[in-house]
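*Asks:* To start, I am sharing the structure in question, which I have written as structure tokens.
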Ligand SMILES: Nc1nc2c(ncn2[C@@H]2O[C@H](COP(=O)(O)OP(=O)(O)OP(=O)(O)O)[C@@H](O)[C@H]2O)c(=O)[nH]1
Ligand SMILES: [Mg+2]
């Protein structure tokens with residue numbers, strides 16, 4: 001491999017601003033690895049962000065999220081919008097080789113200079129999924145992408161949280177996604193903005209549609225009623241209809257300052273979530289490294305010290321707080 005010129009903070013920020021693919025790829029790799037340079041560059045670019053519209057695509061493994069994104073990208077590229085796609089794979093330590101299937105499915109778009117697609121692994125990322133996703137979105141936003149799709153696998157808790165940074169959240173289900181229905185019903189999973197029931201070519205698609213309808217009918221208060229669209233991503237069936245629902249949600253948010261309000265709330269939530277994640281890893285490391293703190297845990301287990309006294313001692317020592 002030829003020796004390559006490394007980016008500096010200035011050249012990387014400039015490259016991202018110009019939408020240069022090599023700069024974008026580098027910036028996202030740096031984000032993925034929690035490199036200080038990524039932090040520096042996002043810090044510099046942040047005031048210029050807020051223009052991209054972020055669409056989160058979540059749902060259980062294998063329902064067709066990537067295929068659907070590929071079809072949506074094809075559809076929106078008929079207009080003149082530039083697009084970024086980040087597929088977050090929480091189980092992979094790095095993107096190389098990960099999501100090979102995604103690469104193949106989205107490969108039609110690889111030659112389109114207005115489309116930037118990237119899979120990102122986050123296992124081992126110090127600030128977790130949430131932080132990496134946010135930083136990657138900010139990079140694509142600063143690069144001038146009009147639309148950014150964020151793909152994450154999710155069937156229950158937590159994963160949907162990752163995607164709350166998105167302006168519109170689309171939950172993709174397929175016939176047989178019973179666990180997600182249960183999670184929605186139990187209130188474990190937040191109600192998304194739009195629901196796509198993919199693989200409508202499957203005979204049980206109608207049954208699934210009825211189940212989803214009945215769960216949603218429980219909510220009678222929300223100003224926005226999540227529309228449900230049956231799709232067949234692999235043939236592009238009903239993809240324009242799905243896109244129209246996403247646009248409707250966007251228009252709804254555009255009214256009465258809802259978008260600004262939601263973004264303010266999401267950003268504050270994100271700061272809090274990332275700070276909490278970091279505090280947790282700091283705490284775990286501190287306890288692992290400090291024999292005295294580990295002894296407190298032993299004492300609790302041996303019923304020599306009560307749990308809250310141990311908490312108090314740990315908080316005092318690790319975070320210098322307590323009373
Ligand atoms: N029959 C049918 N198959 C589909 C449809 N959409 C996608 N598939 C297939 O379903 C499989 C999974 O599709 P993906 O797009 O990789 O699903 P995904 O949700 O991104 O999967 P993960 O990222 O691994 O969670 C692939 O074999 C697709 O070709 C559809 O509408 N109908
Ligand atoms: Mg996928």
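The values are calculated or read from the model by the stated rules, or taken from the named source; none is laboratory data. The structure presented is a predicted model; accordingly, all values stated were derived computationally and were not measured. Note that each Cβ is placed from the backbone with ideal geometry, even for glycine, and that neighbours are counted across all protein chains shown.
*Asks:* Can you pull out every residue in the range 11-69 that is at positive phi and not in a loop (DSSP other than H, G, I, E, B)? Break it down into steps so the answer makes sense when it comes.
*Replies:* Let us first name the residues in the range 11-69 that are at positive phi, namely 19, 34, 50, 59, 62, 64.
Within the range 11-69, just 59 meets the criteria.
*Asks:* Would you check if residue 19 is in contact with a helix residue (DSSP H, G or I) (Cβ under 6 Å, 6 or more places away or on another chain) and either buried (at least 23 other Cβ atoms within 10 Å of the Cβ) or farther than 30 Å from residue 238 by Cβ (or both)?
*Replies:* On the way: in contact with a helix residue (DSSP H, G or I) (Cβ under 6 Å, 6 or more places away or on another chain): no; either buried (at least 23 other Cβ atoms within 10 Å of the Cβ) or farther than 30 Å from residue 238 by Cβ (or both): yes.
No.
*Asks:* If I filter the range 281-290 for residues that are part of a helix (DSSP H, G or I) and under 30 Å from residue 65 (Cβ atoms), do I get at least one hit? Give the steps one after another, and end with the answer.
*Replies:* Residues of the range 281-290 part of a helix (DSSP H, G or I): 281-289.
Now drop any that are not under 30 Å from residue 65 (Cβ atoms), which leaves 281.
Checked the range 281-290: at least one residue is part of a helix (DSSP H, G or I) and under 30 Å from residue 65 (Cβ atoms).
*Asks:* Next up: Do you know which residues across the range 25-41 are modelled with pLDDT of 90 or more and farther than 12 Å from residue 138 by Cβ?
*Replies:* So the first thing to find is which residues in the range 25-41 are modelled with pLDDT of 90 or more, and the list is 25-31, 35-41.
Answer for the range 25-41, where residues must be modelled with pLDDT of 90 or more and farther than 12 Å from residue 138 by Cβ: 25, 26, 29, 30, 35, 36, 37, 40.
*Asks:* Still on this structure, I have one more. Go through (1) touching a strand residue (DSSP E or B) at 6+ places or on another chain (Cβ under 8 Å); (2) crowded, with 17+ Cβ neighbours inside 10 Å one by one and return the number of the condition residue 213 breaks.
*Replies:* Unmet for residue 213, out of (1) touching a strand residue (DSSP E or B) at 6+ places or on another chain (Cβ under 8 Å); (2) crowded, with 17+ Cβ neighbours inside 10 Å: (2).
*Asks:* Same structure, new question: Quick one: is residue 264 touching a helix residue (DSSP H, G or I) at 6+ places or on another chain (Cβ under 9 Å) and at negative phi?
*Replies:* Numbers: touching a helix residue (DSSP H, G or I) at 6+ places or on another chain (Cβ under 9 Å): no; at negative phi: yes.
So residue 264 does not fit the description; no.
*Asks:* Step by step: first the residues of the range 305-323, then only those that are surrounded by fewer than 11 Cβ atoms within 10 Å (Cβ to Cβ) and assigned to a loop (DSSP other than H, G, I, E, B), then the one that is modelled with the highest pLDDT. Which residue is that?
*Replies:* 320
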